[in-house]
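Every number here is computed from the coordinates shown, using simple stated rules; none is lab data. Because the structure is predicted, anything quoted here is derived from the model rather than measured. Cβ: placed from backbone, ideal geometry, glycine included. Neighbour counts: every protein chain shown.
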Amino acid sequence: MVAPVLGGYLTIVNTGTTDDRLLGGSSPVAERFEIHVSSVVDGVARMRPVKEGITISAGSTVKLEPGAAHIMFEKPMQRPAEGEKFKATLQFEKAGPVEVEFVVQKGATANSDDHAGHTP
């Protein structure tokens, strides 16, 4: 059985002189691509979609990682094997579409077996 979601993690560096915003994206490996943020409220781990996107300030670096902001590949067509690579397109407000490559790594986030670790 294919997990209903896969987690995607990467580091985004804005080398520009103006702020930008990661709005969303797409990938042929899943029906939907969403940005989510994890938090702990009253000792309970929660995760929610971030509809407004993630701001990457000029000259800054933002890590999308387990337990924080990350990408959710929802309704994957198949579960990629460890070491397998796949492409995704990140959609930025100012930079536009940026193609990245994820490499599937063994391991899930601390909170769920439904998230597979990925890095670009």
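Size of the dipole of the chain about the Cα centre, Lys and Arg at +1 and Asp and Glu at -1 on the beta carbon, nothing else charged, in debye to 20? Show your work: numbers first, answer last.
Numbers: 12 positive and 15 negative charges, 9 e Å.
So the dipole magnitude of the chain works out to roughly 40 debye.
Can you grab the distance from the C-alpha centre of region 1-47 to the C-alpha centre of region 49-97, Å, no decimals?
That distance is 4 Å.
Would you please state which residues of region 7-35 a label at THR61 would reach in this model, taking the label point 7 Å out along Cα→Cβ and a backbone N cut-off of under 14 Å?
Label zone hits: 10-15.
Restricting to DSSP loop positions (anything but H, G, I, E, B) with no more than 10 other Cβ atoms inside 10 Å of their own Cβ, which trypsin sites (Lys or Arg not before Pro) remain in region 1-102?
Answer by residue number: LYS51.
Beyond 24 Å, what share of the Cα-Cα pairs of region 5-112 is found? Please give it as a whole percent.
Value for region 5-112 (Cα pairs over 24 Å): 23 percent.
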